[in-house]
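Report on the structure given below.
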Amino acid sequence: MLTLTTRQSLHHLPSSLLRKRSLHLAPPFLLDDYTPRYLQLSEVDAAKKRSQAYAHLAKCNLCPRKCGVNRFEKTGWCLIGEKAKVNVIAPHFGEEPCIQGHHGSGSVFFSMCNLRCVFCQNHDISHQRNGMDLTPEELGDWYMKLQEVGNVHNINLITPEHVVPQVALSILHARSQGLRIPIIYNTSSYDSLESLALLDGLVDIYLPDFKVWEPSTSKRLLKADDYAATARESIKAMHAQVGDLCFTGDGIAKSGVLVRHLVMPGLEEEGAKIMRWLAEEVSRDVFVNIMEQYRPSAHVGKVQTRRKTHGGEETEGDKKEERRYAEINRAVKGEEVESVRKAAERAGLWRFCDPPKHDGFNI
């Protein structure tokens, strides 16, 4: 096992030498052991975070929408009030191998979202107010069930940007009940810095998604033209808190940032820009998952009927059918995915979530 002193000295080696190892489970990314950050908080700091969480709910500024509503009384853009609405809580085996491991990730799928992605792959959860309303204490009790009954490797909070105060309070409650596994914040990256400051000291792994680069694209497809600027600011703040992704010897991630990018049809150049930015502005050692599972979903490909006009007037019985968001109404091509991967490698990134080159389990 490596000592702490050995790991610290390896941090000072040139990144080019470290990259020659071609291993992401290697010094300085290998931990002897790990204690979740929330267990290291003092009682004074924990009390401050509780107070801050309630203040956020009273005048919501959790995301760039900055609705400013009192969520004890009404809802804003996300349509969620004082309680979190949760769609599914269960061990999950659809995450990265280093996240799900052998026992699964303790996933908590929150209903609704502060974005309106027209291609949302989980639109039945993120676009609909389905699920059970839970207080922070009830939510924290579910974390304990996942740990004790599910024997999961971590608590994975999925699409939690709009319920950060409830999440903070739930983690602090679960801490008092005996929670001892890492917390993952699984986000679209449309977060405010105030929200991330509240999470500092509570979250071990940030799992941000960086979707698109151009404001015109995000305005059309995400309904937020400031998305990319916000994602850049948010991911840098996340990395400043927890650094690059680190593992224990069993291959399970314990702390750090893992960035996801879903390659989309015709948008590979935007993906390339994202990869270059990650390498130049965050870290060449950042762990990246370049995903190829895009499929037309949610509003993409739905038929939209328009009436034809003559001289500015609509004519009866003369209709034209169009497919909505036709430019992304197809599966992504292998060469588009490969283009983003090559751009990442040219930028100097080297830690990728790749399938195993053997028949065993990929961790």
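The values are calculated or read from the model by the stated rules, or taken from the named source; none is laboratory data. Since the structure is predicted, the reported quantities are computational estimates derived from the model, not experimental observations. Here the Cβ is made from the backbone with ideal geometry for all residues, glycine too, and neighbour counts use every protein chain on show.
For Gly251, only one of the following conditions fails: (1) surrounded by fewer than 24 Cβ atoms within 10 Å (Cβ to Cβ); (2) in a loop (DSSP other than H, G, I, E, B); (3) out of contact with any Gly (no Cβ under 9 Å at 6 or more places or on another chain). What is its number? Single failed check for Gly251: (3).
Selection over the range 276-312 of residues that are at pLDDT 95 or above and loosely packed, with under 15 Cβ neighbours inside 10 Å gives a count of 2. Across the range 130-166, the number of residues qualifying as surrounded by fewer than 22 Cβ atoms within 10 Å (Cβ to Cβ) and more than 30 Å from Ala331 (Cβ to Cβ) comes to 15. Of the residues examined, Lys236 is not one that is without any contact (Cβ under 8 Å) to a residue 12 or more places away in the chain and over 23 Å from Phe110 (Cα atoms).
State which residue is surrounded by the fewest Cβ atoms within 10 Å (Cβ to Cβ) when the search covers only the range 32-59 and only residues that are of a type in the set (Lys, Arg) and closer than 21 Å to Gly81 by Cβ. Taking the candidates together, the pick is Lys59.
Condition check ((1) touching a helix residue (DSSP H, G or I) at 6+ places or on another chain (Cβ under 6 Å); (2) acidic (Asp, Glu); (3) closer than 15 Å to Val288 by Cα) across all residues:
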position	(1), (2), (3)
Asp226	no, yes, no
Ala229	no, no, no
Cys246	no, no, yes
Leu258	no, no, yes
Leu262	no, no, yes
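For Lys219, the stated conditions do not hold, so it cannot be described as surrounded by 23 or more Cβ atoms within 10 Å (Cβ to Cβ) and among the basic types (Lys, Arg). Scan the range 120-136 and give yes if some residue there is more than 30 Å from Gly301 (Cβ to Cβ), in a helix (DSSP H, G or I), modelled with pLDDT of 95 or more and touching a Leu at 6+ places or on another chain (Cβ under 8 Å), otherwise no. Yes, the conditions are met somewhere in the range 120-136.
If you filter the range 185-214 down to residues that are part of a helix (DSSP H, G or I) and of a type in the set (A, V, I, L, M), you find that the one that is farthest from Met275 (Cα to Cα) is Leu198. Taken over the range 145-181, residues that are more than 22 Å from the chain's Cα centre (by Cα) and assigned to a helix (DSSP H, G or I) amount to 6. Pairs linking a residue in the range 42-68 that is more than 16 Å from Ser170 (Cβ to Cβ) to a residue that is part of a helix (DSSP H, G or I) and at pLDDT 90 or above, with Cβ atoms under 6 Å and 6 or more positions apart or on different chains, are Asn61/Glu194; Cys63/Glu161; Pro64/Thr230.
Whenever a residue of the range 279-292 is free of Cβ contacts under 8 Å to residues at least 40 places away in the same chain, its partners that are assigned to a loop (DSSP other than H, G, I, E, B), lying with C-beta atoms within less than 7 angstrom and at least six residues away or across chains, give the pairs Met291/Val263. Taking (1) in a loop (DSSP other than H, G, I, E, B); (2) without any contact (Cβ under 8 Å) to a residue 24 or more places away in the chain; (3) of a type in the set (Lys, Arg) in turn, Lys219 satisfies each apart from (1).
Applying the selection to the range 53-105, what residues are in a helix (DSSP H, G or I) and farther than 23 Å from Val257 by Cα? If the condition is that a residue be in a helix (DSSP H, G or I) and farther than 23 Å from Val257 by Cα, then Ala53, Tyr54, Ala55, His56, Leu57, Ala58 are the ones that fit. Residues being free of Cβ contacts under 8 Å to residues at least 40 places away in the same chain and surrounded by fewer than 20 Cβ atoms within 10 Å (Cβ to Cβ) are represented in the range 178-186 by at least one member. Taken over the range 313-333, the criterion of being among the β-branched types (Val, Ile, Thr) and modelled with pLDDT of 90 or more is satisfied by Ile328, Val332.
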